[in-house]
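Each value in this text was obtained by applying a stated rule to the coordinates, not by laboratory testing. Here the structure is a predicted model, which means the values were calculated and not measured. Neighbour counts are summed over all protein chains in view; Cβ atoms, including those assigned to glycine, are modelled from backbone coordinates with ideal geometry.
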Amino acid sequence: MKIELEGVAARHPAARAGAAPALQPLMLRVASGEQVAVIGPSGAGKTTLLQAMACALPPSAGRLHLGNQQPWTLPRHELQRLRGRLFLAPQVPPLPPRQRVVTAVLAGRLPQMSLLQSLRSLFYPSDIPAAHAALAAFDLADKLFDRVDRLSGGERQRVGLARALLAPAAMWLVDEPLSALDPTRARLAMNTLVQQAKLRGVTLVATLHQVDMALAHFPRIVALREGRLVFDLPAAQVTRAQLEQLYAQHEDELRGEPLTVESPAPATPPAVVMHCR
């Protein structure tokens, strides 16, 4: 699926009245099957861009094209069908805490399930081997039947990414997928996402805080600052001077803070003894 933004601007629904759009009018084209990393300092508009691409946030100006369709001109049922072909992975996956990991991963298939199938899958997971394989790709196979609230933050983030491998999507939009991962698992996650996107012909757009990871894994880099496009270049053509200008006054982000070391899953709290009087 290709993406075209023609002067698209977007404002977060919670933004105060009169505030400037988080994403200023932007011209951008992503070819079908392309892999693109979006970088820039905090507040650059990266997450807003992904939400606009995912049809989760209507443009406040301009036109968005996904494939050959303009999503916000479609009837509601057709818009929902189009959204079913998009996979948006937020930085913090919205996983129900008491749900089993196998169910959470298989939820990636919900867009192609009927209501009856989706309800049944809550109690009787339909394809356990597929869920196991998706988790194994992110080094999480041993968590298949664990409850989500027993996972660490990094493990939850990887469960959210594993869903992509089961989703019937033509586009993966991934927001800061490495923020809770240690360096080894971050490299594994990036390799898996990029390789699987190539294998499946899926369009992949990922926002990344780690500039070195973006340059190492993606052939094309889009840079934003204050909601505006700063440059759009092949990774091999991005210079240190351009990065320093992009991250001016945010040099700590360019240097890169150490990736999070995943903490162990939270222990079950001890029982509290209650005394009646």
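Straight Cα distances below 24 angstrom link Lys2 to the lysines Lys46, Lys198, with same-chain residues fewer than 8 positions distant left out.
Using just its DSSP H runs of length 4 or more, each adding -39500 (n - 2.57), the chain gives a mean residue ellipticity at 222 nm of -8500 deg cm²/dmol after division by all residues. In this label model, Arg29 and His132 are separated by 4.6 nm, measuring between points 7 Å along each Cα→Cβ vector. Taking one quarter of the surface of the C-alpha convex hull of the stretch 1-107 gives a mean projected area of 8.5 nm². Of Asp252, Asp127, the sequence from fewest to most neighbouring Cβ atoms within 10 angstrom is Asp252, Asp127.
Amide H contacts of Glu34: Leu204, each under 5 Å away and 5 or more positions distant or on a separate chain (H built 1.01 Å from N in the peptide plane; Pro and chain starts excluded).
Summary of packing: across the peptides 155-168, 59-72, the per-residue average of other C-beta atoms within 10 Å ranks them, highest first, as 155-168, 59-72. For Phe231, the amide hydrogen comes within under 5 Å of the amide hydrogens of Ala223, counting only partners 5 or more places away or on other chains and with H modelled in the peptide plane. Applied to the stretch 103-108, the Karplus parametrisation 6.51 cos²θ - 1.76 cosθ + 1.60 on θ = phi - 60° returns per-residue 3J(HN,Hα) values of 5, 4, 6, 5, 4, x Hz, with x for Gly and Pro. Put simply, when 6-14, 235-243 are sorted by average Cβ atoms within 10 angstrom per residue, most first, you get 6-14, 235-243.
Going from the residue with the fewest nearby Cβ atoms within 10 Å to the one with the most, Met27, Met1, Met53 rank Met27, Met1, Met53. Could you tell me the distance between the Cα centroids of the stretch 42-73 and the stretch 157-227, to the nearest Å? That distance is 19 Å.
Computed extension gain for Leu79 through Asp212, at 0.36 nm per residue and net of the alpha carbon distance, reaches 44.3 nm.
As a rough footprinting exposure proxy, the listed residues His132, His209, His77 were ranked by other beta carbons within 10 Å of their own, and the order from fewest upward is His77, His132, His209. Proximity of backbone amide H atoms, modeled 1.01 Å from N, is registered between Leu26 and Gly7, Val8, Ala9 at under 5 Å, excluding neighbours fewer than 5 places apart on the same chain.
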